[in-house]
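J.: Quick one: the structure is below, questions incoming.
The values are calculated or read from the model by the stated rules, or taken from the named source; none is laboratory data. Keep in mind that what you see is a predicted model, and the values were worked out from it rather than measured. All Cβ positions, glycine included, derive from the backbone under ideal geometry; neighbour counts span all protein chains shown.
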Amino acid sequence: MPNTTATTIGRRVSLLSTGGDNPRNGEGTFLRLADNAILYAYSRYRGDDWGDHALADIAGIISHDEGETWSEPVILLRADAAASNYMCPSLARMPGGDIGLAYLRKYRDDSILCDSVWGAVLDTVCFVRSSDEGKTWSAPIECTHGTVYDVIENDRLLVLSTGRIVLPVNRHSTVDNSTVDNSTVENGTLKIGGAGRMFLLASDDDGRTWFTLSDEYRITNAPYSDTGLQETVVFEEEGGRLRAFSRTDQLCQYECFSTDGGKTWTENHPIPFFSSAVSPMIVRRVSGIPGVPGTPGNPQIVAVWNPTPLYTTRDQGKIWGRTPLALAISDNDGKTFSRTYLLEDDPGNGYCYPSVFDGGEYLLVGYYHSNDTGIVLNANVIKKVMKSELI
């Protein structure tokens, strides 16, 4: 586990607390708008259930003063009547100038014979675009098809230097053809859960059409992992090689590489520096630190994750091991991470599903915060970290 500073960095600039008809706020993603404001989109639950399959829409708040203050929430995308929810948004500026938004649409199909504690709740990865800076959105495109249970996470949409747009997906469903013959799923039972397999979706036409770019990749030590590869994030190195990190139950993140734009990947392997709870990591390229010689022209890599593995004595039942929340900096394109800091370190609260925004002289980091409720997936916090704190 990496060494970290003893005190936390950054200051809180937003708290989206829960209450009333709003039991959960989280899984956020940032984007700079044309008028220089900052949009933060997130999953906003409604009703009285905070579970992953409960009612949720994609909401947004806006800052006009570099993250210091934020507007009241507005609904960006209301879940359609046939959907269980919309969740896990990812924003990106498209090569053609529009805003792209990927999200997960959960829905029920009770005609499917399904082996799941949730019943026949399925997932479809969807994509919409806006040509008026988020005021209105296009009709959704379904990026994945068929009867599957796919998972994407927040802030994962990535526009490569080539103009290709990629989105990592983790599939958690299989079809068991040996059980019954009266199902609509290939004469078998759809089995949801189990070990995740990583693959990439991609678009080469500014997000207008999507295709499955890669095969599905399993964790290398599959017989010993219950979770497999989960909640993958991808970033592009300066030379164009892609690097992916995946959540696992193996006490650390796993990584793999692609040299052909995401079509094929190396064998995934553990990366011990990123010791981890069963919780995802975000990795982003950001500009250098203003005022520090050499760094403005030397882009850096930022990683945010939970560095404490599950074999520790911290409370696992209430906070799922998701404390502390750490931030690490790499000055050499991700080869090594030389400086590590704490964003949060209260052992009585949990923090997870981070997103990162580069504001030039500062970073904004959004994440779930249990907010003393005993429920990890509860409130949402945005912290502003000055880059002068990262020297």
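J.: Kindly list the number of the only condition in (1) of a type in the set (A, V, I, L, M); (2) farther than 28 Å from residue 18 by Cα; (3) free of Cβ contacts under 8 Å to residues at least 60 places away in the same chain that fails for residue 81.
T.: Against the list (1) of a type in the set (A, V, I, L, M); (2) farther than 28 Å from residue 18 by Cα; (3) free of Cβ contacts under 8 Å to residues at least 60 places away in the same chain, residue 81 comes up short only on (2).
J.: It is to be established whether one or more residues within the range 304-322 are in contact with a Lys or Arg (Cβ under 9 Å, 6 or more places away or on another chain) and modelled with pLDDT under 90.
T.: Yes: one or more hits.
J.: Working only within the range 329-355, note down all residues that are assigned to a strand (DSSP E or B), over 17 Å from the mean Cα position of the chain (by Cα) and under 18 Å from residue 273 (Cβ atoms). Give the derivation first.
T.: If we filter the range 329-355 for residues that are assigned to a strand (DSSP E or B), which is where we start, we get 329-330, 339-344, 351-355.
The next check asks that each one be over 17 Å from the mean Cα position of the chain (by Cα); those that pass are 329-330, 339-344.
Hits for the range 329-355 are 329, 330, 339, 340, 341, 342, 343.
J.: In the range 356-389, what residues are of a type in the set (A, V, I, L, M, F, W, C), assigned to a strand (DSSP E or B) and under 19 Å from the mean Cα position of the chain (by Cα)? Give the derivation first.
T.: To start, the set of residues in the range 356-389 that are of a type in the set (A, V, I, L, M, F, W, C) comprises 356-357, 363-365, 375-377, 379, 381-382, 385-386.
Okay, now just the ones that are also assigned to a strand (DSSP E or B), so 356-357, 363-365, 379, 381-382, 385-386.
Listed by number, the residues that qualify are 356, 357, 363, 364, 365, 379, 381, 382.
J.: Also, I was wondering about something else. Can you pull out every residue in the range 142-172 that is more than 18 Å from the chain's Cα centre (by Cα) and at pLDDT below 90?
T.: Residues of the range 142-172 more than 18 Å from the chain's Cα centre (by Cα): 142, 145-148, 161-164.
Passing the criteria: 145, 146, 147, 148.
The rows are residues; the columns are (1) assigned to a loop (DSSP other than H, G, I, E, B); (2) surrounded by 23 or more Cβ atoms within 10 Å (Cβ to Cβ); (3) touching a Lys or Arg at 6+ places or on another chain (Cβ under 6 Å).
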| site | (1), (2), (3) |
| --- | --- |
| 214 | yes, no, yes |
| 246 | no, yes, no |
| 249 | yes, no, no |
| 260 | yes, no, no |
| 264 | yes, no, no |
| 271 | no, no, no |
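J.: Residues to consider are 175, 180; find the one that is aliphatic (A, V, I, L, M), more than 20 Å from residue 99 (Cβ to Cβ), assigned to a loop (DSSP other than H, G, I, E, B) and modelled with pLDDT under 80.
T.: Working: 175 fails: assigned to a loop (DSSP other than H, G, I, E, B).
The unique qualifying residue is 180.
J.: Looking only at the range 380-388, decide whether some residue is surrounded by fewer than 24 Cβ atoms within 10 Å (Cβ to Cβ), of a type in the set (S, T, N, Q) and modelled with pLDDT under 95.
T.: yes
J.: Give the residues of the range 1-25 that are in contact with a Ser or Thr (Cβ under 9 Å, 6 or more places away or on another chain) and modelled with pLDDT under 95, sorted by residue number. Full working, then the answer.
T.: Initial filter on the range 1-25 (in contact with a Ser or Thr (Cβ under 9 Å, 6 or more places away or on another chain)): 1-5, 13-14, 18, 24-25.
1, 2, 3, 4, 5, listed by residue number.
J.: Further question: If you scan the range 191-202, which residues turn out to be under 19 Å from the mean Cα position of the chain (by Cα) and either farther than 14 Å from residue 157 by Cα or touching a residue at least 40 places away in the same chain (Cβ under 8 Å) (or both)?
T.: To start, the set of residues in the range 191-202 that are under 19 Å from the mean Cα position of the chain (by Cα) comprises 193, 195-202.
Answer for the range 191-202, where residues must be under 19 Å from the mean Cα position of the chain (by Cα) and either farther than 14 Å from residue 157 by Cα or touching a residue at least 40 places away in the same chain (Cβ under 8 Å) (or both): 193, 195, 196, 197, 198, 200, 201, 202.
J.: For the range 133-164, how many residues meet the condition of being aliphatic (A, V, I, L, M) and either part of a strand (DSSP E or B) or touching a Cys at 6+ places or on another chain (Cβ under 8 Å) (or both)?
T.: Quick first cut of the range 133-164, residues aliphatic (A, V, I, L, M) only: 139, 141, 148, 151-152, 157-160.
Applying the additional criterion that residues be either part of a strand (DSSP E or B) or touching a Cys at 6+ places or on another chain (Cβ under 8 Å) (or both) yields 141, 151-152, 158-159.
Total satisfying the criteria: 5.
J.: What residue, of 8, 69, 18, 29, is in contact with a strand residue (DSSP E or B) (Cβ under 8 Å, 6 or more places away or on another chain), surrounded by fewer than 14 Cβ atoms within 10 Å (Cβ to Cβ) and at negative phi?
T.: On the way: 8 fails: surrounded by fewer than 14 Cβ atoms within 10 Å (Cβ to Cβ); 18 fails: surrounded by fewer than 14 Cβ atoms within 10 Å (Cβ to Cβ); 29 fails: surrounded by fewer than 14 Cβ atoms within 10 Å (Cβ to Cβ).
Residue meeting the stated conditions: 69.
J.: Further, regarding this structure: Does the range 85-108 hold any residues that are more than 15 Å from residue 24 (Cβ to Cβ) and of a type in the set (Lys, Arg), and which are they?
T.: Taking the range 85-108 and keeping what is more than 15 Å from residue 24 (Cβ to Cβ), we get 90-103, 105, 107-108.
Selection gives 93, 105, 108.
J.: Right, next: Show the residue pairs meeting these rules: Cβ distance below 6 Å; 6+ apart or different chains; first residue within the range 35-55 and touching a residue at least 40 places away in the same chain (Cβ under 8 Å) and closer than 14 Å to residue 22 by Cα; second residue assigned to a loop (DSSP other than H, G, I, E, B) and charged (D, E, K, R).
T.: Here the result reads 45/24; 50/24, each pair linking the range 35-55 to a residue that is assigned to a loop (DSSP other than H, G, I, E, B) and charged (D, E, K, R).
J.: So, in the range 219-236, how many residues would count as being in a loop (DSSP other than H, G, I, E, B), surrounded by 15 or more Cβ atoms within 10 Å (Cβ to Cβ) and either of a type in the set (Ser, Thr, Tyr) or more than 14 Å from the chain's Cα centre (by Cα) (or both)? Even if it seems obvious, please write down each step before you answer.
T.: Initially, the range 219-236 is screened for residues in a loop (DSSP other than H, G, I, E, B), giving 219-221, 225-227, 229.
Then keep just the ones that are surrounded by 15 or more Cβ atoms within 10 Å (Cβ to Cβ); that gives 219-220, 225, 227, 229.
Those left that are additionally either of a type in the set (Ser, Thr, Tyr) or more than 14 Å from the chain's Cα centre (by Cα) (or both): 219-220, 225, 227.
Residues flagged as in a loop (DSSP other than H, G, I, E, B), surrounded by 15 or more Cβ atoms within 10 Å (Cβ to Cβ) and either of a type in the set (Ser, Thr, Tyr) or more than 14 Å from the chain's Cα centre (by Cα) (or both) within the range 219-236 amount to 4.
J.: Sticking with this structure for a sec: Do we have any residue at all in the range 121-132 that's at pLDDT below 95 and touching a helix residue (DSSP H, G or I) at 6+ places or on another chain (Cβ under 7 Å)? Talk me through it step by step, then tell me what you get.
T.: Going residue by residue through the range 121-132, those that are at pLDDT below 95 are 121-124.
The next check asks that each one be touching a helix residue (DSSP H, G or I) at 6+ places or on another chain (Cβ under 7 Å); those that pass are none.
Within the range 121-132 (the criterion being at pLDDT below 95 and touching a helix residue (DSSP H, G or I) at 6+ places or on another chain (Cβ under 7 Å)), the answer is no, since none of the residues qualifies.
J.: Name the residue that is nearest to residue 153 (Cα to Cα), counting only residues in the range 347-375 that are surrounded by fewer than 23 Cβ atoms within 10 Å (Cβ to Cβ) and aliphatic (A, V, I, L, M).
T.: Here the answer is 356.
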